[in-house]
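Structure, as structure tokens:
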Amino acid sequence: QVQLVESGGGLVQPGGSLRLSCAASRNILNFYLVAWYRQAPGMQRERVAGRISSGYTDYADSVKGRFTISRDDAGYGISLQMNNLKPEDTAIYYCCVQELPSTRSWWGQGTQVTVSS
């Protein structure tokens, strides 16, 4: 089992930046997958960024070139750097980890990001 706690959300103007963090209760350095998802009101949850253990990363088309997922070297957290934020990025952001392929995922409680002038 692993508990995840997100932080770093808030209100930011269009064009601004935020860095989300996700702290894990145990070492996730060797986990198969770490990822960030988001869910806007009335919308389905979507994956915005993912990183697998090989180092391969992928991003939703809507955030490519603006968001960067990273994992801390110690293995107790992941981050999402978000630049050039747009109003359509407004959502609750969740971190998610998976220890092995095809096993259950662990989720944080989410952090609100609001992009508005």
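Antiparallel beta bridges, as assigned by DSSP with both residues in the chain, represent about 90 percent of the total such bridges.
Work out the P(r) tail for the stretch 26-76: percent of alpha carbon pairs separated by more than 14 Å, whole number. The proportion of pairs with Cα distances above 14 Å equals 55 percent. Per-residue packing, averaged as other Cβ atoms within 10 Å, sorts the ranges 89-101, 33-45, 49-61 into the order 89-101, 33-45, 49-61, beginning with the highest. The share of accessible area on the stretch 78-117 that comes from carbon and sulfur is 49 percent, using a 1.4 angstrom probe. Per residue, the solvent-accessible area of the chain (1.4 Å probe, heavy atoms of protein chains only, all protein chains present) comes to 52 Å². One quarter of the convex hull surface built on the alpha carbon atoms of the chain amounts to 6.8 nm², the projected area averaged over directions. Unpaired Cys in the chain, meaning no second Cys C-beta under 4.7 Å: Cys96.
The values are calculated or read from the model by the stated rules, or taken from the named source; none is laboratory data. Predicted, not measured: the structure shown is a model, and the values here were computed from it. Positions of Cβ are generated from backbone atoms using ideal geometry, with glycine treated the same way; all protein chains shown enter the neighbour counts. Accessible surface is based on the protein model in full, side chains and every heavy atom, while ligands, DNA and RNA are left aside. Shrake-Rupley method; radii C 1.70, N 1.55, O 1.52, S 1.80 Å.
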